[in-house]
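Novice: Take this structure, written in structure tokens, and hold onto it; I'll ask about it next.
The values are calculated or read from the model by the stated rules, or taken from the named source; none is laboratory data. These figures come from a predicted structure and were not determined experimentally. Because the Cβ atoms are built from the backbone with ideal geometry, glycine has one as well, and the counts that use them run over all protein chains shown.
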Amino acid sequence: MQCLSRDCELVLFRVLQECLTNVHRYAEASAAGVRLQLEKDQLLFEVNDNGRGIPEDRWQQVDRSNGKAGVGISGMRERVHELGGQLRIQSCARGTTVSVSIPLSRTSVSTETGASISAA
């Protein structure tokens, strides 16, 4: 059994916080789901909703700015990248899914007391 490092716990918490804030403010969703899973040497984290999705004009604005627009999205991406991870966002009229994968390395796993993770 391994424990997540404080840095990894904080990154996951901040991503979750930003995602749920966005669901509440913009998505007009009736439900949201959160999944945390250990797969091989990666930690997979996903937040999804059944809302209206990210409008096309907003997506284009984020694309044109090379990640500088959308403080929340770029903040999440930067935090995840600091741990060597990747953040992916998929959105359509039926909802949005934010997926994070973080390699289980010295930066994401600790021997300190923390959230325990184990493979199923």
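Matching residues to (1) under 16 Å from the mean Cα position of the chain (by Cα); (2) modelled with pLDDT under 95; (3) among the aliphatic types (A, V, I, L, M):
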| site | (1), (2), (3) |
| --- | --- |
| Met1 | no, yes, yes |
| Arg35 | yes, no, no |
| Asp49 | yes, no, no |
| Gln60 | no, yes, no |
| Ser65 | no, yes, no |
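Novice: A follow-up question, please. Can you name the residue in the stretch 1-24 that is touching a helix residue (DSSP H, G or I) at 6+ places or on another chain (Cβ under 6 Å) and among the hydrophobic types (A, V, I, L, M, F, W, C) and is also surrounded by the fewest Cβ atoms within 10 Å (Cβ to Cβ) among such residues?
Specialist: Val15
Novice: Considering only the stretch 25-64, how many residues are part of a strand (DSSP E or B), exposed (fewer than 14 other Cβ atoms within 10 Å of the Cβ) and either touching a residue at least 40 places away in the same chain (Cβ under 8 Å) or charged (D, E, K, R) (or both)? Give the steps one after another, and end with the answer.
Specialist: Taking the stretch 25-64 as the starting set, the residues that turn out to be part of a strand (DSSP E or B) are 32-39, 42-49.
Checking which are exposed (fewer than 14 other Cβ atoms within 10 Å of the Cβ) leaves us with 33-35, 37, 39.
Those left that are additionally either touching a residue at least 40 places away in the same chain (Cβ under 8 Å) or charged (D, E, K, R) (or both): 35, 39.
Matching residues across the stretch 25-64 total 2.
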